[in-house]
Amino acid sequence: MESSQPPVSSSHLDPTSDSDSDSGDELGPHLTVTQEEQLKVESQVADIYRCLVGVSLHRQSLVLELQRDRHIEYLTKGLNQLGHTFQVLDANRPWLCYWILHSYSLLGEAVDSELEGRVVDFLSRCQDKEGGYAGGPGQMPHLATTYAAVNTLVTLGTERALSSINRKGMYNFLLSMKESLGGFRMHQLGEIDARSCYCAISIASLLNILDTELVRGVGDYIASCQTYEGGIGGEPHSEAHGGYTFCGLAAMMLIDEVEKLDLPFLINWVVSRQGIELGFQGRANKLVDGCYSFWQGAALALTQKLAPLAKEVSEEQSTIHATRDYSDLGIEFLRRCNQTGPLYHHLALQQYIILCSQILEGGFRDKPGKHRDYYHTCYCLSGLSICQYSCMRDGDLRPSTSDVLGPYSNMLEQVHPLYNVVLDKFYTAHKFFSRSSF
Amino acid sequence: MHGRPRKATKQEDPAAAAAKSARLRELQSQLLHFHHNRIYTKEAVSVSSKLLEINPEIYTGWNYRKLAFQHNLKEVSDTDTDTDTETIKSAIEDELRMVEVALRRNPKSYGAWYHRKWILGQKLVLANFDHEFRLLDMLLKADARNFHGWNYRRFIARLKDVSEEEELKFTMDMINTNFSNYSAWHNRSMLLSKLLRKKAKGFHEEESILSDEFELVRQALFTDPSDQSGWFYHLWLLDQTSTPHKPHLVSSWPSDKLNIEISAQFKEKCERFPIIFCFNQQVDGVNLATVTINSKLVSSEHITWKPLSANNSRKSKIWVGFLENFNKYCDNSEGLSVEISVHCCESIVHSEFVMKLSHMDHQGKNGDGFEELFLWDCPKSQEINPYLVSYDPWRLRVERVEEDAKWHLDTLSAEIALFKEMSECDEDSKFVKLTLTRLLGAHNSIKSGGSAYFEEILKLYDDLIKLDAPHYRYYRDERSLVLLDQMTSSKDSLVEYCSRCENSSFSCINPQLCINFSGLNLTRIGFVERLLWVQILDLSHNNLTSLLGLEALQLLVCLNLSHNQIMSFTALEPIKSLQSLKVLDLSFNEIGSHPVDTTRYLCSSPLSHSCNVTETMEELARENIKIGDFWEAILLFESLQLAQLDMQGNPVTNERFRVLVEKVIPCLKWLDGKPVR
């Protein structure tokens, strides 16, 4: 969409200046709990945005600055904590590694080799001898923690990190998680949903071990999770949800079966999730949440690359399908130019992330009033990067200043939206894993 | 990934924290020890309980318990048969209690919810469903949008075989508590879908159910028009009301009972005659096995069928079959009579037509046409009607409207009246306006003719473009479709856009009837099913960026796309399949405005394509033209047999490009209005 106009100013958001707001109090008892919470958030956000009204450009740019040093401090604190408590067995350690190290690399920070060594050692101890990564040493391998571990190692990007992955074992693990009907189980005797499918497909694609055996039936399963709203739910009959919509769409693109989804319908649902608060909500009539800047924003970034191609349907193609080569879909994706501009208000979303989700002392949060955490830090930064690069035209090397809200120094590293790893790291990994099939 | 446990926000004193993590560490290592050594004693299992109580996210713990459960169960059944049921029952109760404790700690724990499903899903004993529903009530009260809870509710209802009617009541209670709870509305739509599908035979039931639902959602919408939940539900209801359950045929070429007069030229020039079926929904399986042909001369082997769609799922709304070498059969005096039946979508689609050689052949013209330049300035003519009479793509629609439509129309009319009232009260609500356009559109799709709401819808889209600028492209696209619907809605309205081309002669069925849709601000194409017979189409001076849909117009000979916003050769993909296309005007577009059209990388190399470019490539190399810079253009032009092409006014055109075009299209006679060679 055209997005040259400035983000919505606070006056639009102020419930007290709204035309029918004077009836607000009398209406009070009629409001549902959901509506009351929504109004509360709207007014909090409006208060924050008021700081942009009537101030000089210089002042605006100060207010909109990304607190890089503070964020790095906050992340480093987390890393050190990780160092001390690596022994504590938790079921999600690889996630913490990924959230922190990916945020680090989005901010352009390098990791020293001592820390890198510790992380690789730790993840190696999480790696099951039969393949796949567990939430901690000795636990069972799990698709979500495997995704986090693989993305972490790709983010580290060194020979040591990349070669520590047992790809043969990984392939067997993924195959053993596969259900006959097409979906993947999260772990042995575990649940099946669109998320597990994405994790499996993303891992296999990054490691260049994706084949027809793993792909079989996945597209049909994900397609069965798309609801009449347009988005994708966790499992058939569930309501559409931003996280699963990203997972489903990205997986479909990685296996080149995106045509099984109703795309216009999907886009229509996702774009409508950006609300008056300028951020995204995760589901219909839920409150805004900074992490959906990535889930919903990246889903739209993916659709920007989809050309309305009328593919020739030929017998030839269906026979090719039997021995399909999936190894270059991730890199082909990057070679395609954006077919449209951003399908959401990319400056507005940056405004929400910087003013409402950013905590000046470092870290990001869901929304004003909530606490910071590493999950939201990772996905707010990822979403911010997606926004900044959303207007890139073919041949552009970096975004133009008008597409980066605030000072140009706010610019983050670019991510590969199919995997959510920084682009340079993706290229390194792609090259590394293209060398051999196993 | 969202909803994973976050760190405790409460600051504990360091000593307590250290003690706690020491305890955790101890329990974890014990659990892993038991797990790896397959120790499933009571004491061992209780360690996992303690651990999961503190952290329900430890999925290895849940898994260990599943293995322990199976192991201990097997042991019981091996030794003692009498106490079976009691032991099993108490083992199950232990597991359920464990899960409950975990869920109280973290109501979004994937592992805990799944463990509960796993235990009950084995149906070893009759579950205490009252308890399950109480637990659900409690959890959904704490968080009415917890999708784990709703998923579990659907699971339990299926397990107990609770009737959908009963579950509907529950969604009603939830909606009454908080009508903004979209999860409740969503579950309601899922339940109703099942109910309606089951009772598809008793139509009256469905109608009254849907009427009640309209009434219900209306209350929510009128209470607060800015609340999203009701609008989504309304959209679902509208879909139930306006979309037919089964796929059906919307149009075909040749249409049923059509007598086609074919000119001698057409007969000679055209080796394959296209037969097209358009359905309202995507269908699959139009092939040799499902098509039967009744004809003296032709049998089903003479026709190959393929779906015309933008994807490779082998499903499509539009199917085309090519009658190969059809000119052989047309020579006899009775003509070629064909009756085709397709056994498809639970019913039989039928078409019967006769092809005959025309007696009134165009005199004085010889050669293979296009000796003269084809010009687009066709004068309007009054003698158009007779040509249109023969082909009637509208009849099928009228037939369908007569059955079962009354309730749908009444319901839609009532809704329309209400929303008009609402829109008068609140002029700036985009939800109200958008829903109104959808209602009016749904009404139009069922009922054609004089009462159609085209003008109103167009006006509403104009309003929406102003009101909701960020989404203006969407509205512009929708507006284009409404406009096309209006123009093609009946023979009378289409005549307004017809003219006769007198300035050339070429192989033709409907003598030189031109459809002129120029200068209408169109951004996309639709309703092609009503234009299957069109041979000359003028779409110039619009805002088209995509040509999706044009692939259906298999009879097109002349196509004018000048003065649009087409940006690349890739966007021209849909016209690649138009085998009869001879005249193509692409002048004054934006083709080549990107320095490099990288969509070409979608195919790894030009050589991987099936087209045979080697000879041409050598020639081009001699002219010092890099094929890599132009190969999407080459692929396009190689697949067409153009006689006349206009490309001027595009960034891509230069002298080298002209040389390339002349080489790639050997049959080309006119380029940019000038004769070739």
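Values computed for the structure shown
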read-out	value
Given (1) more than 17 Å from A:G78 (Cα to Cα); (2) in contact (Cβ under 8 Å) with a residue 40 or more places away in the chain; (3) not β-branched (V, I, T), index of the condition A:A148 fails	(1)
Extreme residue, farthest from A:Y49 (Cα to Cα), among residues of segment A:264-292 that are among the aromatic types (F, W, Y) and over 16 Å from the mean Cα position of the chain (by Cα)	A:F265
Qualifying position, being hydrophobic (A, V, I, L, M, F, W, C) and in contact with a Cys (Cβ under 8 Å, 6 or more places away or on another chain), among A:A223, A:A284, A:A251	A:A251
Close pairs (8 angstrom Cβ cut-off, 6 or more residues apart or separate chains): within 12 Å of chain A (Cβ to nearest Cβ) in segment B:149-167, buried (at least 16 other Cβ atoms within 10 Å of the Cβ) and of a type in the set (S, T, Y) anywhere	B:W150/A:S238; B:W150/B:S183; B:N151/A:S238
Close pairs (6 angstrom Cβ cut-off, 6 or more residues apart or separate chains): at pLDDT 85 or above and part of a helix (DSSP H, G or I) in segment B:219-243, of a type in the set (V, I, T) and surrounded by 21 or more Cβ atoms within 10 Å (Cβ to Cβ) anywhere	B:G230/B:V217; B:Y233/B:V217; B:H234/B:V217
Residues within segment A:242-289 that are among the charged types (D, E, K, R) and within 17 Å of B:L434 (Cβ to Cβ), tallied	1
Complete set of residues in segment A:56-74 that are closer than 13 Å to A:E361 by Cα and assigned to a helix (DSSP H, G or I)	A:R68, A:D69, A:R70, A:H71, A:I72, A:E73, A:Y74
Hits in segment B:214-240 - residues which are more than 10 Å from every other protein chain (Cβ to nearest Cβ), surrounded by fewer than 18 Cβ atoms within 10 Å (Cβ to Cβ) and in contact with a Phe, Trp or Tyr (Cβ under 7 Å, 6 or more places away or on another chain)	B:P225
Selection from segment A:228-287 of residues that are on the phi < 0 side of the Ramachandran plot and among the polar types (S, T, N, Q)	A:S238, A:T245, A:N268, A:S272, A:Q274, A:Q281
Residue list for segment A:144-180, filter: of a type in the set (S, T, Y), closer than 20 Å to A:R435 by Cβ and surrounded by 24 or more Cβ atoms within 10 Å (Cβ to Cβ)	A:T155
Breaking point among (1) free of Cβ contacts under 8 Å to residues at least 40 places away in the same chain; (2) within 14 Å of chain B (Cβ to nearest Cβ); (3) not in a helix (DSSP H, G or I), for A:A91	(1)
Index of the failed condition, B:L27 passing every other in (1) within 8 Å of chain A (Cβ to nearest Cβ); (2) touching a Lys or Arg at 6+ places or on another chain (Cβ under 8 Å)	(1)
Yes/no for A:L306 being more than 14 Å from the chain's Cα centre (by Cα) and either more than 8 Å from chain B (Cβ to nearest Cβ) or not in a loop (DSSP other than H, G, I, E, B) (or both)	yes
Residue within segment A:417-427 that is surrounded by 16 or more Cβ atoms within 10 Å (Cβ to Cβ) and on the phi > 0 side of the Ramachandran plot present	yes
All positions within segment B:537-563 that are closer than 21 Å to B:S490 by Cβ and without any contact (Cβ under 8 Å) to a residue 60 or more places away in the chain	B:L537, B:L539, B:G549, B:L553
Members of segment B:252-302 found to be assigned to a strand (DSSP E or B), hydroxyl-bearing (S, T, Y) and under 21 Å from B:R530 (Cα atoms), listed by number	B:S252
Residue check for B:N187: within 11 Å of chain A (Cβ to nearest Cβ), crowded, with 21+ Cβ neighbours inside 10 Å and not hydrophobic (A, V, I, L, M, F, W, C)	yes
Residue among B:E455, B:E496, B:E502, B:E478 that alone is at pLDDT 90 or above and either small (G, A, S) or more than 14 Å from B:T523 (Cβ to Cβ) (or both)	B:E455
Matching residues in segment B:414-446 - criterion: being surrounded by fewer than 19 Cβ atoms within 10 Å (Cβ to Cβ), within 27 Å of the chain's Cα centre (by Cα) and charged (D, E, K, R)	B:K430
Residue that is among the hydrophobic types (A, V, I, L, M, F, W, C), over 30 Å from B:D239 (Cβ atoms) and either in contact with a Ser or Thr (Cβ under 8 Å, 6 or more places away or on another chain) or at pLDDT below 80 (or both), where the choices are B:L388, B:L412	B:L388
Condition check for B:S252: farther than 18 Å from B:E206 by Cβ, more than 14 Å from every other protein chain (Cβ to nearest Cβ) and polar (S, T, N, Q)	yes
When residues of segment B:36-61 are limited to those that are more than 8 Å from every other protein chain (Cβ to nearest Cβ), in contact with a Leu (Cβ under 8 Å, 6 or more places away or on another chain) and part of a helix (DSSP H, G or I), the one surrounded by the most Cβ atoms within 10 Å (Cβ to Cβ)	B:G61
Among (1) over 34 Å from the mean Cα position of the chain (by Cα); (2) over 22 Å from B:S580 (Cα atoms); (3) among the polar types (S, T, N, Q), the one test that B:Q644 misses	(2)
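The values are calculated or read from the model by the stated rules, or taken from the named source; none is laboratory data. Note that the coordinates shown come from a computational prediction; the quantities given were computed from them, not determined experimentally. FYI the Cβ positions are ideal-geometry reconstructions off the backbone, even for glycines, and counts take in every protein chain you see.
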